[in-house]
Amino acid sequence: MYFDNKKNIAFLCGSQHLYGKEVIERVEINVREIINNINKSSEIPVLIYFKKVLTSSEDISKACSELNNDESCIGVIIWMHTFSPAKMWISGLKKLSLPICHLHSQFNKEIPWDNIDMDFMNINQSAHGDREFSHLLTRMKIPRKIIVGHWSDNNVLSEIGVWSRSALGWNEIQNLKVARIGDNMRDVAVTDGDKLEAQIKFGFSVNGYDTDDILDEINSLNNEDLNLIIDEYQKEYEIVDELKKGGKLHKSLIDAVKIELGIEKFLNKTGCLAFTTTFENLGGLKQLPGISVQRLMNKGYGFGAEGDWKTAALLRTMKVMAFDQDKGTSFMEDYTYHFEKKETFVLGSHMLEICPSISDSQPKCEIHPLSIGNRNDPVRLVFNAKTGKGINVSMVDLGDNFKILVNEVESVKIKNKLPKLPVARVLLKIYPNFKDATRAWLQAGGSHHTVFSLDLNYNHLKDFCEMAEVECTKI
């Protein structure tokens, strides 16, 4: 995926001078053991590194300032091994703008009943040291993730992993640039919204560009660039004969490759990692971007159809959160229903733009007419989605606030051949049940565009929303 993960998370441990040098040295040894254990876990997507045992207001303030200025640091895990008077933390916490995970644990797992003495009690004081610290966080109205349990337990490591992925997403969206190529689809409400307020709340910026900007990049392409991508197509997809070299529509494949390279070169030039297109602003493009958008999403770019900049930003963010997973995350749209006597399913799809990261087999590269856009027939990848549990997520602008909606879903096997539906698709069972989930989604103002992920779950989005301080509604 188009993401170079060089991010890390700092681990701060609180204590105080009262216990003497020997105790502080023992605390540091213990912290390093905890961090080594965390870093061995396959649940953790980034490196956790030891910053310092902090015992004074000056040390805490300095450490927090340094972390804020460290571009590689995306969050902080804080733990009180002993008691650490919380007033020492006020100045530092006022400076700290990174997401906080408050780990409420204890180095020693069990009480040594036969040997326990006051030395043991003094060093293993997390039970009330963390309560002192958390009181201050609540008093200062500082959002944080609280994880409770012994640091060696798998469920604790799993929770740290979920929070770490959310921190990756929060770091990404704060610096994200979204290119809106053309405007949004005319008269559509949900793809519009307050881009300025979105930047204030989430950090990502949305700027408009003309389709001619893509054409300029297309006109600068050379045959070597084109041939490399065509070779990739031949290796990765089952291409229909008419699109192959010598086929009667091979020129359409070349046009699709040009659009892909043109968009990617433009995105690289502008520093944008998410983008939108719309069939009503195609300018000089010979076909509506189909396979080009699908492949760019597969590389990690965010995308929203018909100018949907919110979904484009959310898709890029969620792809970063799931960067090393292999089930897939894609732009999606609830398209049509299948009512059965016992159960109802949703067929998710779009005209063209579904990411092949969710494909259950080698995608087919095909070309078919499209009744909108008034351009040549577009090339696209056709496939069924993998099966498994997942989520559908929508970023909603309600005018006076943003919210994130999350619906737990299950992708089920499509048993029918669908010979006349030449698009990528997924068949979804939605939870807790179709009627209640759909009614709740409609009541909450959820979009018909979503981000569908087989790699993430509700907890990832819940932690992300706590960092962003926006409402997260689970359907």
- line: Gyration tensor on Cα atoms of region 285-405, a ≥ b ≥ c root eigenvalues, a/c under 1.5 rounded, else prolate if a/b beats b/c, else oblate, says rounded
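Order by neighbour count: LYS7, LYS201, LYS245, fewest other Cβ atoms within 10 Å first, most last. All intermediate terms of the calculation are to be shown ahead of the outcome.
Details: LYS7 20, LYS201 16, LYS245 10.
Starting with the residue having the fewest Cβ neighbours, the order is LYS245, LYS201, LYS7.
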- request: Treating only the Cβ atoms of Lys and Arg (+1) and Asp and Glu (-1) as charged, compute the dipole magnitude of region 8-174 about its Cα centre; round to the nearest 20 debye.
  value: 620
message: Place a point 7 Å from the Cα of LYS141 along the Cα-to-Cβ direction; which residues of region 94-117 have their backbone N under 17 Å from it?
response: 94-97
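Would you kindly state how much longer the chain becomes between ASP187 and SER361 on full extension, computed as 0.36 nm times their sequence separation minus their alpha carbon distance, in nm to one decimal? Provide the component values of the computation, followed by the final result.
Details: separation 174, 0.36 × 174 = 62.64 nm, distance 3.73 nm.
Here the segment from ASP187 to SER361 would lengthen by 58.9 nm.
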- prompt: In nm, what is the difference between 0.36 nm times the number of residues separating ASP326 and PHE120 and their Cα-Cα distance?
  reply: 69.6 nm
query: Can you pull out the cysteines in the chain that have no other Cys Cβ under 4.7 Å?
result: CYS13, CYS64, CYS73, CYS101, CYS272, CYS355, CYS365
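Can you give the % of DSSP beta bridges in the chain that are antiparallel, to the nearest 5?
On the way: 36 of 77 bridges.
Antiparallel bridges make up about 45 percent of those DSSP assigns within the chain.
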field: FRET efficiency estimate (nearest 0.05) - Cβ-Cβ, ASP231 to GLU280, R0 30 angstrom
entry: 0.35
- prompt: Which links in LYS403/LYS474; LYS6/LYS327; LYS386/LYS413; LYS51/LYS95 stretch past 18 Å when you go from one Cα to the other?
  reply: LYS6/LYS327
- prompt: At ASP194 and ASN416, where each label point lies 7 Å from the Cα along Cα→Cβ, what is the point-to-point distance in nanometres?
  reply: 4.3
query: For region 452-457, what does the Karplus curve 6.51 cos²θ - 1.76 cosθ + 1.60, with θ = phi - 60°, yield as ³J(HN,Hα) per residue in whole Hz, taken in order and with x for Gly and Pro?
result: 9, 9, 9, 9, 10, 9
- request: For SER158 paired with THR336, estimate the spin-label separation in nm (one decimal), with each label point 7 Å from Cα along the Cα-to-Cβ line.
  value: 3.9
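For ALA444 and ASN175, compute 0.36 nm times the residue count separating them, minus their Cα-Cα distance, and round to one decimal in nm.
Once the chain is fully extended between ALA444 and ASN175, it gains 94.0 nm.
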statement: With a ≥ b ≥ c from the Cα gyration tensor eigenvalues, square-rooted, and the rule rounded for a/c under 1.5, otherwise prolate when a/b > b/c and oblate otherwise, region 177-474 is oblate
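Give, rounded to the nearest 20 debye, the magnitude of the charge dipole that the chain has about its Cα centre when Lys and Arg contribute +1 at Cβ and Asp and Glu contribute -1 at Cβ.
Working: 57 positive and 64 negative charges, 136 e Å.
Once rounded to the nearest 20, the dipole reads 660 debye.
Calculated FRET efficiency, VAL470 and LYS299, Cβ-Cβ r, R0 41 Å, to nearest 0.05?
Numbers: r = 28 Å, r/R0 = 0.68.
Efficiency for this residue pair is about 0.90.
Only helical DSSP H runs with n ≥ 4 go in: add -39500 (n - 2.57) per run for the chain, normalise by residue count and round the 222 nm mean residue ellipticity to 500 deg cm²/dmol. All intermediate terms of the calculation are to be shown ahead of the outcome.
Numbers: 14 runs with 175 residues, N = 475.
Taken over the chain, the calculation gives -11500 deg cm²/dmol.
The numbers here are math on the coordinates, done by the rules we state, and not lab data. Since this is a predicted model, take the numbers as computed values, not measurements. Every residue, glycine as well, gets a Cβ built from its backbone with ideal geometry; the counts of neighbours run over all protein chains shown.
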